[in-house]
Amino acid sequence: MRSAYTTDTRNDLYGLKVLEDDKHALPPYDAVVLVTESFAEDNPEAMEALSQLNGRIDQDTMRRLNGEYDIEGRSAKDIARDYLIEEGLISS
């Protein structure tokens, strides 16, 4: 189980250790897609594209991507595009 802070780049910057929540005191912190029913019905191609990300981004990857934004100052759009290319989900 992970809390929101397990993907925080400050953990690496400051040498912080993420503790294991062996008592399950914190709820899981997983990304979810929230859309209206009408959006999903009107945009099946978007829903299919989003479904390809399900379970694909692990904790270490998310921390790396967050670091590109927080530390390197890259734009979220560029980071997302490069990640999707790296994963073979889109072409350049």
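Only helical DSSP H runs with n ≥ 4 go in: add -39500 (n - 2.57) per run for the chain, normalise by residue count and round the 222 nm mean residue ellipticity to 500 deg cm²/dmol. Walk me through the intermediate numbers first.
Details: 5 runs with 41 residues, N = 92.
About -12000 deg cm²/dmol.
Atom-type composition of the exposed protein surface of the chain places 52 percent of the accessible area on carbon and sulfur (1.4 angstrom probe).
A Förster radius of 25 Å, combined with the Cβ-Cβ distance separating Tyr5 from Ala76, puts the computed FRET efficiency at roughly 0.80.
Across the stretch 34-43, computed HN-Hα scalar couplings (Karplus, 6.51 cos²θ - 1.76 cosθ + 1.60, θ = phi - 60°) run 10, 9, 6, 4, 5, 4, 4, 5, 7, 9 Hz from first to last residue, x flagging Gly and Pro. At the residue level, Arg10 shows approximately 120 square angstrom of accessible surface with a 1.4 angstrom probe and all protein chains present. Protein heavy-atom accessible surface, 1.4 Å probe, per residue over the stretch 1-90: 79 Å². At R0 = 25 Å, how high is the FRET efficiency between Leu89 and Val18 if r is their beta carbon distance? Nearest 0.05 is fine. Result of the calculation: an efficiency of 0.35.
The values are calculated or read from the model by the stated rules, or taken from the named source; none is laboratory data. Note that this is a predicted model, so its numbers are computed, not measured. Positions of Cβ are generated from backbone atoms using ideal geometry, with glycine treated the same way; all protein chains shown enter the neighbour counts. Keep in mind that these areas ignore ligands, DNA and RNA; they rest on the heavy atoms of the full protein, side chains included. Shrake-Rupley method; radii C 1.70, N 1.55, O 1.52, S 1.80 Å.
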